[in-house]
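Here the structure comes first, spelled out in structure tokens, and everything after it is commentary.
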Amino acid sequence: MNTVTVHEAPSVEIVRGDITTEQVDAVVNAANSGLLGGGGVDGAIHAAAGPQLREECRKLRATRLTGGLPTGEAVITGAGRMPARYVIHTVGPNRHAGQTDPALLSSCFAESLRIADEAECRSVAFPAISAGVYGWDVEEVACIALEVARSARCAHVRLIRFVLYDDRALAAFERAA
Ligand code: ADP
């Protein structure tokens with residue numbers, strides 16, 4: 001007998017908070033191509049997850065991703081000591097390096113969501129990818145993120161939660177919604 005997979009539009013939530021404490025299936029990390037941790041949300045996720053995450057990232061770099069993770073793509077690992085089950089690492093475009101194509105940022109959100117759905121996650125938390133060190137205007141990030149979330153149709157993901165770290169990012173996402 002054939003089974004039919006129903007793809008539904010997930011609900012979208014916008015909250016203020018620290019993404020490392022989110023009780024969701026997957027937390028998305030605004031990583032850098034090297035995957036071995038950095039500042040901002042990447043540093044916070046690595047600190048909260050502990051050495052197990054660093055080890056998984058190191059293995060990825062030694063096997064599938066010897067050249068690093070390209071901008072706009074995403075990869076999944078475990079979440080170490082965090083409450084989430086998975087971390088999905090994606091590399092946002094760096095405006096300071098001339099990466100100004102919105103399609104690259106859109107791809108970060110869409111690819112992370114696709115991988116979360118493939119891993120049968122029901123809930124996914126996103127930060128404001130590229131809105132920190134990578135220099136994108138958070139208003140633009142919010143519009144792109146919300147556009148991807150609104151048009152998403154998933155077999156498993158039922159909740160997309162944007163977790164914003166400061167007032168400005170929170171206000172931008174609320175406006176975009
Ligand atoms: P990028 O290099 O992609 O710009 P950053 O980590 O510098 O990534 O910033 C992305 C966004 O993540 C910024 O809006 C920053 O305020 C936010 N951020 C930093 N720490 C956290 C955290 N613990 N939880 C959620 N968001 C965070």
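The figures follow:
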item: Among residues of segment 116-154, those that are in a helix (DSSP H, G or I), over 17 Å from TYR86 (Cα atoms) and away from the ligand (no atom under 16 Å from the Cβ), counted; result: 4
item: Search result, residues across segment 82-107 that are of a type in the set (D, E, K, R), farther than 21 Å from ASP25 by Cβ and assigned to a loop (DSSP other than H, G, I, E, B); result: ASP101
item: Filter result (more than 16 Å from the ligand (Cβ to nearest atom) and touching a residue at least 60 places away in the same chain (Cβ under 8 Å)) within segment 1-13; result: THR5, VAL6, HIS7, GLU8, ALA9, PRO10, SER11, VAL12
item: All positions within segment 155-177 that are of a type in the set (D, E, K, R) and within 16 Å of the ligand (Cβ to nearest atom); result: ARG161, ASP166, ASP167, ARG168, GLU174, ARG175
item: Matching entry among CYS143, CYS108 (being hydrophobic (A, V, I, L, M, F, W, C), more than 13 Å from the chain's Cα centre (by Cα) and either buried (at least 20 other Cβ atoms within 10 Å of the Cβ) or over 20 Å from GLY17 (Cβ atoms) (or both)); result: CYS143
item: Tally of residues being within 9 Å of the ligand (Cβ to nearest atom), of a type in the set (A, V, I, L, M) and within 21 Å of GLU147 (Cα to Cα) across segment 28-55; result: 1
item: Residues of segment 155-177 classified as surrounded by fewer than 22 Cβ atoms within 10 Å (Cβ to Cβ) and assigned to a loop (DSSP other than H, G, I, E, B), total; result: 6
item: Unique residue being more than 11 Å from the ligand (Cβ to nearest atom), surrounded by fewer than 16 Cβ atoms within 10 Å (Cβ to Cβ) and of a type in the set (Lys, Arg) when the list is ARG16, ARG58; result: ARG58
item: Test: residue in segment 30-46 that is under 19 Å from ASP117 (Cα atoms), of a type in the set (A, V, I, L, M, F, W, C), surrounded by 22 or more Cβ atoms within 10 Å (Cβ to Cβ) and in contact with a helix residue (DSSP H, G or I) (Cβ under 8 Å, 6 or more places away or on another chain); result: yes
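Read-outs: derived from the displayed coordinates by stated rules, not from any lab. Note that the structure is a prediction, hence the values are computed from the model and not measured. Cβ sites come from the backbone with ideal geometry, for glycine too, and all protein chains shown count toward neighbours.
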